Amino acid sequence: MELTLNIGFGQIVNLINQLPANQILKIKNELFDTPIAEKAKGEITDFKKFILTGPVMSEEQYLNFKQQRKHLYAWRKR
């Protein structure tokens with residue numbers, strides 16, 4: 001038998017806060033014992049998606065950018 005619940009994050013936090021202190025400590029220890037970083041490794045956040053799909057400079061644009069930056073720094077030092 002399998003049971004699936006659709007509970008939001010805020011609801012989970014509220015449920016946990018209703019538990020006695022020793023139960024909350026058990027949950028905390030359980031969460032920190034499991035490698036959370038490994039679990040999150042495969043997840044792609046919206047920010048990561050945004051960065052990965054963003055525009056990329058061509059080699060020519062990069063060289064132009066470096067040249068413009070060089071001129072800007074020289075101008076600022078005057």
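The values are calculated or read from the model by the stated rules, or taken from the named source; none is laboratory data. Keep in mind the model is a prediction, meaning the values are calculated, not measured. Quick reminder, even Gly has a Cβ in these numbers, built from the backbone with ideal geometry, and neighbours come from all protein chains shown.
Among the conditions (1) modelled with pLDDT of 85 or more; (2) more than 25 Å from the chain's Cα centre (by Cα); (3) surrounded by fewer than 10 Cβ atoms within 10 Å (Cβ to Cβ); (4) not basic (Lys, Arg), Gly8 misses just one, which is (2).
Within segment 29-39, the set of residues being of a type in the set (A, V, I, L, M, F, W, C) and at pLDDT 70 or above comprises Leu31, Phe32.
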